[in-house]
Structure formats: C-alpha cells, structure tokens
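Step one of this worksheet: look at the structure below.
Laboratory data are not the source of any read-out in this text; all were calculated from the coordinates shown. Values in this document were obtained by computation on a predicted structure and should not be read as measured data. Glycine also receives a Cβ, built like all others from the backbone with ideal geometry; neighbour counts cover every protein chain displayed.
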Amino acid sequence: MKRYTAAFALLLAGLLIASCWTPASRAAPAELLILISLDGFRWDYLDKYDAPVLKRLAADGVHATRMTPSFPAKTFPNHYTLVTGLRPEHHGIVGNWFYDPVDGAKFDMEQLAPHWWQGGEPVWITAEKQGLRAACFFWPGSETELQGCHATFFKPFVKKLTNPERVDGLLTWLGLPPAERPRLATLYFNTLDDAGHKYGPDAPETGGAVREADAAIGRLLDGLAVRGLREKASLVIVSDHGMSPCGPDQVIFFEDLLTVSQVRIEATGPVGGVRPNPGVDLATLVAGIRAKAPPQLQVYLREEVPDRLHYRASDRIAPIVLVCDDHWNVESKAGWPERARTYNIGSHGWDPATPNMGALFIASGPVFRRGVEIPDVENIHVYHLLCAALGLAPAPNDGDQRLVRAALRR
Ligand code: AMP
Ligand code: ZN
Ligand code: ZN
C-alpha cells in the first residue's frame, strides 16, 4: 500500500512540474543579443521624424505601438527596470536621485557603490552567472560590481563620447574571436534625450537628433556586417521614457506649499518628494500642502500613491509624494528667476500612462518573429524576453512571459 502511495505521489509531482514548466522558446538561443537604449526616444518619433534604419528594423521584426515605462518616467529607474524586470519600488533605484532613509546618504547618477543597486539582478549578471560573457558599452548600473561580478567587458560612463565612438567601441569587443566574444551586449545613447530637454519634443533639433541616433544604429549594422555578424545578431532597441513639452511658466513652487526649513526636499520636477525633519508632524504637513496645492498637483502619503503607479514599497521613496500633471513641474524658488532662463522646455517623469511618456520597443533579428506589431506593453517584461532569447533562467522579477510569447520565434 505504501509503495502505491509513493508511486502516486511521484506521478502527481511529475504532472505538477510538467504543468508549471513551459519552455520559453524551442528555437536556438541568440548567438549575439544587443540591447540598445535610445534615451528619451518617444514612441511616436518613429513616424514623426526621419528614422529609416529603425523603421526597417521595426518592419522586419517586432514593434510595440508603445512601451509603458515604470514610474517615475526617469532615466535611472527605467534603465534598471529594463534589465532587471523589477519595478523601481522593488529594485530600489526610485529616482535619478534620492536619499537613504537610514543614513541620509544621497544617491545621484554617479553612485556606483553596490548597496544602491543590489535590489535587482541585471541581465548581464544573470548571463555571467550562467556562463555567458556580457559587454556593457554604458548602461546605468553596469559599472557596479554585483554578486561579486561585473560584465566581462564594461566601461565607465563618459558622456562626451559621441554616438559613432560608442558604436565603434562596442564593435571592437564584438570583433573578438568567437570564444572571447560577448553573447550579450548593451549600448546606450543620450544625445536625443539631451535635445528633447533643450529644444522640446517638437523641435527640428530633436528631429535631427533622431536622425543621428538612427544613423548610429545604421553604423552598428554595417560594422556587424563587416565582421560577419549581421545575420547572427538579434537586436532589442528600447527607450526609457518619452518626452513632454514644459517650461518655466508651468512650475509649482515648494515655497508656496510648505515651510521649506521643516523638510528635506528629496525630489523635484514632474514628481516631488518631501520628508519632514525630525519633530515635524507628517499628518499636519501633508494637510497643509493639500490645502495649498493647485489643481495640477496630486499630494499623496507614500502609502496612498495609486496602485497603478507601483510606488510605495521602498523607504527610499519620500514619505510625501507630489505628482504633477503632464507639463507641470514642482521646484524650489532657490536660484529663481535666473534658473527660469535655462529651464528645460522638454522633460519626462510624469505618470507612465500619459501618452507623451510612452517609450520605444523594437526587437529584430534571427530569434525574433518577423513583421509583428504588438500593443502597448510595460517595460517590466523586457528582462524575461532578454533571458529567453539567450536561453537563460531569469532571476525573480515583476514581469511575465507576455513579451516572450509575442516576440520570440518558436
Ligand atoms: P535624465 O536626467 O533622466 O534625462 O538622465 C539622462 C542623463 O543620464 C544622460 O544625459 C546622462 O548624462 C546620464 N547618464 C546616463 N547613463 C549614465 C551612467 N551610466 N552614468 C552616469 N550618468 C549617466
Ligand atoms: Zn532618460
Ligand atoms: Zn532626460
């Protein structure tokens, strides 16, 4: 009797495992997967501006009408979401700058110490841990040693390197003999984001920056062809967020909402953050801000931030979160009105559902389906796709298999 029970238990366990395990893909893994970020490429720039190379890749591969970024729609939180599959509240890079709630240390875009970043496992670490070489020609977080390792090839961020120099730098690594060559690479361009901030999303200069970024991808494709890698390379081309017009005449000032000496201002721009100084009552403070807030500003205690923004679970998020409507910013009056003269006329960070915050997603190459247009997809699902394309087991994350099912060739 005991033997039958044991056999039945084994059968049941087998059935259970078979029902849970679905192969990500039956196709061979990518020989070379290149993840490219065009910082600030709004989803509609593909049609709005001249981008022949990207258009061809989109038509030949998989193109999402729009990719929804994570909140806040800022560069560092979203780049880390793209490569970890975790929402910012879970990977802990909750802004481009924020504070450690315990020791008050400030994170900014120069901080490389592992403790800031170790809330997530980026795909280059997943790859290296599973025996694949990775190369990062820039990506937020790639300069930091995590779980005792780095990508085999990486480079400290140097903003002044031009787009062609970045492409050529990556091509040098990709030109290594097959046994040394990375299987996963990242590449990052920021010139389009810079133009969007300085000239706004509708300016001809921004259109020019789209054309330049497009030409840089063309240069990469040519360089791959010269090295015999064009047909082997699968590309995932994304952006971190879109871009909205804004300006110094659509600014809400902290000084008009609260007594600034009572708080630490932990975030400014489309999303503000406020932490009361010791001894200042949080409920009284938030009630005061609410009484003075204009209609363009939503005022939340961290635990009241709407579910759909997924922005509560980290104590790196300020206790009071101020969310501006599209085009509006919250700022300190310090340095004003001089600062108004150079204030950005384009920006990002607003609610990810805002049409202007939509990002780019294209996947093109031998491991991806051809000629497929897919609907709006959240950027938490990209990590699963990268892992599946390389045959890697993903670390736990907030995404699921939907992009794998939609984009990967079977
Ligand atoms: P944002 O302020 O959200 O528009 O951030 C965009 C800026 O982030 C770029 O213009 C770069 O200067 C900066 N950035 C991007 N990647 C890195 C990096 N790995 N290290 C430091 N800064 C970076
Ligand atoms: Zn960005
Ligand atoms: Zn930006």
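Values as computed for the structure displayed
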| item | result |
| --- | --- |
| Cα-based convex hull volume of the chain per residue, rounded to whole Å³ | 171 Å³ |
| Residue 27 paired with residue 296, simple spin-label distance in nm, labels 7 Å along Cα-to-beta-carbon | 4.6 nm |
| D_trans [Stokes-Einstein, Kirkwood Rh over alpha-carbon pairs] for segment 304-410, 4 °C, 1.567 mPa s, µm² s⁻¹ | 74 µm²/s |
| Gained length - residue 60 relative to residue 161, 0.36 nm times residue gap less alpha-carbon distance | 33.4 nm |
| Theoretical FRET efficiency, 1/(1+(r/R0)^6), r = Cβ-Cβ of residue 338 and residue 115, R0 35 Å, to 0.05 | 0.45 |
| Viscosity 1.567 mPa s, 4 °C: Kirkwood-radius Stokes-Einstein D of segment 51-167 over Cα pairs, µm²/s | 82 µm²/s |
| For peptides 102-115, 235-248, 366-379, sequence by mean Cβ density within 10 Å, most packed first | 235-248, 366-379, 102-115 |
| Per DSSP, loop GluC sites (Glu not before Pro) in segment 116-190 with at most 16 further Cβ within 10 Å | 145, 180 |
| Taking the chain and dividing mean pair separation by its residue count, relative contact order in percent (alpha carbons under 8 Å, at least six apart) | 31 percent |
| Lysine pairs with alpha-carbon atoms under 26 Å apart, the chain, spacing 8 or more or separate chains | 22 |
| Between 0 and 90°, nearest 10: helix 163-174 axis offset from the chain longest Cα axis | 30 degrees |
| Full-stretch length increase - residue 400, residue 215 - with 0.36 nm per residue and alpha-carbon distance subtracted | 63.3 nm |
| Residue-averaged [θ]222 nm for the chain, counting only DSSP H segments that reach four residues, each worth -39500 (n - 2.57) | -9000 deg cm²/dmol |
| Residue 205/residue 373 FRET efficiency (R0 22 Å; Cβ-Cβ; nearest 0.05) | 0.15 |
| Mean-position separation - Cα centroids, segment 212-268 and segment 271-299, in angstrom | 29 Å |
| Relative contact order (percent, whole number), segment 251-343, Cα cutoff 8 Å, 6+ residue spacing | 39 percent |
| FRET efficiency for residue 284 and residue 325, using Cβ-Cβ distance with R0 set to 35 Å, rounded to 0.05 | 0.85 |
| Translational diffusion coefficient (Stokes-Einstein; Kirkwood radius from C-alpha pairs) of segment 251-343 at 25 °C, 0.890 mPa s, in µm²/s | 181 µm²/s |
| All-pairs alpha carbon distance profile, segment 110-177, 5 Å steps from 0, percent | 3, 17, 26, 23, 17, 11, 3, 0 |
